[in-house]
């Protein structure tokens, strides 16, 4: 077992902001290897790696990470749109995927998922 990793590429014309889902209060989300305290934004053309640390005996699960991807920092009460996602293993395939998604307002970006393995995947953001 290894820690799950999501490689994020921003091909949109605006920044992408990433935050841990506050509903997952026991989760320590890592962005580029550092604990994410709050929301981190990435400019167009940049990349980020998000992950969490798991114990050695952790089995694949549908609910590994709760992550918010937004088109601005003010997604809670402001104007930014966001995807509130659950990332984990899809039971049918055993591959990492976005298992559940809730849209907060309509984001100005969209994403696609590719290069999925049991413990990693790529997410690419583009303009909607």
**Qualifying residues in the stretch 1-29 (those that are surrounded by fewer than 18 Cβ atoms within 10 Å (Cβ to Cβ) and within 12 Å of the chain's Cα centre (by Cα)) - the one nearest to residue 127 (Cα to Cα)** = 7
**Message:** Which numbered condition in (1) surrounded by fewer than 16 Cβ atoms within 10 Å (Cβ to Cβ); (2) assigned to a loop (DSSP other than H, G, I, E, B); (3) at pLDDT 95 or above is the only one that residue 55 fails?
**Reply:** (3)
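Out of all the residues in the stretch 98-115, which are over 12 Å from the mean Cα position of the chain (by Cα) and loosely packed, with under 15 Cβ neighbours inside 10 Å? Full working, then the answer.
Initially, the stretch 98-115 is screened for residues over 12 Å from the mean Cα position of the chain (by Cα), giving 102-110, 114-115.
Scanning the stretch 98-115 gives 102, 103, 104, 105, 106, 110, 114, 115.
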**Request:** Scan the stretch 60-97 residue by residue and report those that are part of a strand (DSSP E or B) and exposed (fewer than 14 other Cβ atoms within 10 Å of the Cβ).
**Result:** none
**Message:** Can you tell me which condition residue 118 does not meet? The list is (1) surrounded by 12 or more Cβ atoms within 10 Å (Cβ to Cβ); (2) in contact with a strand residue (DSSP E or B) (Cβ under 6 Å, 6 or more places away or on another chain), and all the others hold.
**Reply:** (2)
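The values are calculated or read from the model by the stated rules, or taken from the named source; none is laboratory data. No experiment lies behind these values; they were computed from the predicted model shown. Note: ideal-geometry Cβ built from the backbone for every residue, glycine included; neighbour counts use all protein chains shown.
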